[in-house]
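The values are calculated or read from the model by the stated rules, or taken from the named source; none is laboratory data. From a predicted model like this one, the values you see are computed outputs, not experimental measurements. Cβ sites come from the backbone with ideal geometry, for glycine too, and all protein chains shown count toward neighbours.
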Amino acid sequence: MDPYVHLHVASGYSLRYGANHPSDLVERAAEHGMTALALTDRDGLSGAVKFAVACREAVIRPIFGLDLALGPMAGQQPVRLPGHKAPARGGASVDGRSPRVTVLARAGTGWRALCRLTSATHMAGERGMPVSSRDLVAEHAGEGALVALLGPDSTVGRALATRRPDLAEAELAAWRDRLGAQQVYLEIVHHRAQGDRAKAESMLRFGLRTGAPMVLTNAVRYVDPFDAPTADVLDASRRLVPLDLRHLDRRSAEGYLKSGKEMADIAADFADDEIGTRLLTATARLAEQCAVDPRRDLGLGTVHFPELDVVRAPSEAGLRDGEVLSQRCEAGFGRRGMTVTDAVRQRLTDELEVIGQMGFPSYFLTVADVADLIRSMGVRAAARGSGAGSLVTYLLGISDVDPIRYRLLMERFLSPLRKALPDIDIDVESARRMEVYDAVIDRYGDDRVSCVSMMDTYRVRHAIRDVGAALGMPLGEIDTLAKAFPHIRANQVRAALRDLPELRASGIGQAKLELLFDLVESLDGLPRHIALHPCGVLLSDRTLLDRTPVERSFLGYPMSQFDKDDVEELGLLKLDLLGIRMQSAIAHALDEVRRVDGIEVDIDAIPRDDPTTYELIQSTRTLGMFQIESPGQRELVGKFAPESFEDIIIDISLFRPGPVKSDMVTPFLMARQGWAEPSYLHESLRYSLEQTGGVVVFHEQVLEIVHTVTGVTLA
């Protein structure tokens, strides 16, 4: 077991800075036998959940932190442009890039403080250029919630590097005054580059003289020394400059995730045995204080829905969420005009039991509340996906599809055997989607609502462009080379050269491009920039901002730094509000009928069994009819001759790549037109397959077949 703990580690989620995925860093720490590891990405916490999951699988205790750029304090000169240096007293030079501070979350309220600090930093500055301040860090540090590490790139480290111990003492005093002496540590880093040993010794002497606690870190950017060139490319890409020593952050390849023995050797380079041991012990002691519980503090593995009072009507005061859900479903029978048979009653009872068992009544109440809100705005909306198989969603008004009539199964949507959150998507008019976002935020408040983000990662074309520019290749050559490849992952670049004839014949696989392709492969999957998810919205209780950091999206909406997979791990309700152009087209058509003819058409009340409509469809004159207007569909409806809405459902389900390629259409049409008898592997399958002529078309049929043949439950 390795007792050393790395407290300053950047992953690829330090955009265009860190060279490895969080899981790679955790895997190497596990190989070293380490029991804990920190992740302190630059400017954000986007990689924190993936890091926590990787640590859980590796049985490593995660430590969470943040590496922040600092702006000038009031009265100070503004920071100079990156890369510029100015002379300083004593013959040294001042690094013009923004100073930085690494902040670690302590147990208890540390994660909440870290999230709030991240959000405040991003919301205060220009979008995409987060800059914090000592005052902002102190404002969120609370009573020991956060610990600040002042390393070589801090104002203290910069002052010592320019031989101004007086300024270093003033900066340290200011940090200790604002945060408290026990929350400020000096961070010693020694990468064995020219001048590093002197800087480490200077920081050590300064710490001994001032009595400030000190830790030893390696300011990790990559897993192995041979990943250092990848970090160089990222530096060049971030700064939009070619590879040159003047533009690189590193001067050696020592910034990798070292073992405890290697870190002990580092300490021996600039300190005697006693002081080196004290440094390593202090580092381990601080790591123990930063024991954030991912389940308790992040909410990993738990669920968080808006408070019941937000969605409960005044007349429902005092009722629990399950009771409210049950009452609303009972009311839904009357609203829908359904005949409540024993089978329907049992279906509702079974669904409510599963929903209650999984702790999801508030989920359904919240989604129903949003659906009601959207329709109250006069926006067309429709539920999509397997959620339509739930009788509860139908009775609540989330979906307008009757699962009893269409023989849809709840088990496809929700099962106690699957520990995933339900997923209900709502299609809205694309032209009014932003209105819907605004209404949801107004309804629930910006402390409960955030948009979901997504991370754009390196694929082959982006990787070739960034690596080519870093290597100084001509722009025309870079463009030609990038466009020669299909849209594939960066690590498939050599496979494409080998397997695609057009690339083999192009001659671009020549030896002089070996370095470029090596670097392209190393960038595979690394994050490039964060973007707004096209439809995902988070809804939670008032603790949302304590568990997820947010920043402004390009549209100005609050956007979580976590992606759709992260928010599912955190048990947050993600509702997909998809903008559908056909919904807007329908709304526009109805508006035009109203404007021109003065007729109010309720399109949802139009009967679905109109014979004239089906005669038109059978004639194959279906241009302009949603989903049945393509040449292939016109051919299919001509042969199929649909006579009912159920036939249209079968037609659309058949016309997909899988059924078409496996020639499921032919046996269906043969049975449909009476040219052949339907074929059933066993008579017991007739009930499930009779509607589709013995052909398996729907997911529900697959579940029913397995249930019938094996006796297992539909779940």
Query raised in the report: If you check every pair at least six apart or on different chains, which have Cβ atoms under 6 Å apart with a residue in region 139-168 that is at pLDDT 95 or above first and a residue that is of a type in the set (Ser, Thr, Tyr) second?
Result: LEU149/THR102; LEU149/TYR185; LEU160/SER202
Report summary line: Result of the Cβ filter at 9 Å on region 620-632, keeping first residues that are outside any loop (DSSP other than H, G, I, E, B) and partners that are charged (D, E, K, R), at least 6 apart or interchain, is none
Query - Within region 14-44, tally of residues that are within 22 Å of TRP111 (Cα to Cα) and in contact with a helix residue (DSSP H, G or I) (Cβ under 7 Å, 6 or more places away or on another chain) - result: 7
Requested in this report: Take the residues in region 341-395 that are in contact with a helix residue (DSSP H, G or I) (Cβ under 8 Å, 6 or more places away or on another chain), among the small types (Gly, Ala, Ser) and not in a helix (DSSP H, G or I), then tell me which one is farthest from ASP604 (Cα to Cα).
Outcome: SER390
Report task. Take region 327-344 and flag every residue that is within 22 Å of GLU316 (Cβ to Cβ) and not hydrophobic (A, V, I, L, M, F, W, C). Result -> GLN327, ARG328, GLU330, GLY332, GLY334, ARG335, ARG336
Query raised in the report: Which of the residues spanning region 452-481 are outside any helix (DSSP H, G or I) and without any contact (Cβ under 8 Å) to a residue 12 or more places away in the chain?
Result: PRO474
Query raised in the report: Among LEU623, LEU526, which is in contact with a Lys or Arg (Cβ under 9 Å, 6 or more places away or on another chain), under 30 Å from HIS122 (Cβ atoms) and either surrounded by 14 or more Cβ atoms within 10 Å (Cβ to Cβ) or at pLDDT 90 or above (or both)?
Result: LEU526
Report task. Can you give me the ranges of the strands (runs of 3 or more DSSP E) entirely in region 42-127 with at least 1 residues that are of a type in the set (S, T, N, Q) and either within 24 Å of ARG547 (Cβ to Cβ) or at pLDDT 95 or above (or both)? Result -> 100-105
**Report entry** Among the residues listed as VAL370, VAL303, the single one being closer than 17 Å to ILE424 by Cα and not assigned by TED's automatic domain parsing to the domain that holds GLY571
**Finding:** VAL303
Query raised in the report: Any residue in region 427-448 that is touching a residue at least 24 places away in the same chain (Cβ under 8 Å), closer than 30 Å to SER14 by Cα, crowded, with 20+ Cβ neighbours inside 10 Å and of a type outside the set (A, V, I, L, M)?
Result: yes
**Report entry** Any chance SER415 is assigned to a helix (DSSP H, G or I), out of contact with any strand residue (DSSP E or B) (no Cβ under 8 Å at 6 or more places or on another chain) and of a type in the set (Ser, Thr, Tyr)
**Finding:** no
Query raised in the report: Looking at region 330-346, is at least one residue more than 27 Å from ALA48 (Cα to Cα), surrounded by fewer than 12 Cβ atoms within 10 Å (Cβ to Cβ) and in the same structural domain as THR217 (by TED's automatic domain parsing)?
Result: no
Report summary line: Taking region 38-61 and keeping only residues that are under 13 Å from the mean Cα position of the chain (by Cα) and among the β-branched types (Val, Ile, Thr), one is left with VAL49
Query raised in the report: Taking interchain pairs and intrachain pairs at least six residues apart, which have beta carbon atoms under 9 angstrom, with the first residue in region 384-396 and more than 13 Å from VAL344 (Cα to Cα) and modelled with pLDDT under 95 and the second assigned to a helix (DSSP H, G or I) and aromatic (Phe, Trp, Tyr)?
Result: ALA388/TYR394
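Restricting region 180-203 to residues that are touching a strand residue (DSSP E or B) at 6+ places or on another chain (Cβ under 6 Å) and of a type in the set (A, V, I, L, M), which is nearest to ALA219 (Cα to Cα)?
Top of the filtered list is ILE188.
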Requested in this report: Collect the residues in region 242-260 that are in contact (Cβ under 8 Å) with a residue 24 or more places away in the chain and either in a helix (DSSP H, G or I) or under 12 Å from LEU471 (Cα atoms) (or both), keeping them in residue-number order.
Outcome: PRO242, LEU243, ARG246, HIS247, GLY260
Requested in this report: Out of the residues in region 641-667 that are closer than 25 Å to ARG621 by Cβ and either outside the structural domain of HIS699 (by TED's automatic domain parsing) or modelled with pLDDT under 90 (or both), state the one that is farthest from the chain's Cα centre (by Cα).
Outcome: VAL660
Query raised in the report: Which number in (1) buried (at least 19 other Cβ atoms within 10 Å of the Cβ); (2) within 27 Å of THR121 (Cα to Cα); (3) touching a helix residue (DSSP H, G or I) at 6+ places or on another chain (Cβ under 6 Å); (4) of a type outside the set (Ser, Thr, Tyr) marks the one condition that ALA219 misses?
Result: (3)
Query raised in the report: From VAL324, VAL292, which residue is in the same structural domain as ARG61 (by TED's automatic domain parsing), surrounded by 19 or more Cβ atoms within 10 Å (Cβ to Cβ) and either in a helix (DSSP H, G or I) or under 36 Å from the mean Cα position of the chain (by Cα) (or both)?
Result: VAL292
Requested in this report: With respect to GLU704, determine if the residue is part of a loop (DSSP other than H, G, I, E, B) and of a type in the set (Asp, Glu).
Outcome: no
Report summary line: Over region 345-379, the set of residues closer than 19 Å to ALA715 by Cα and of a type in the set (A, V, I, L, M, F, W, C) is LEU348, LEU352, VAL354, ILE355, MET358, PHE360
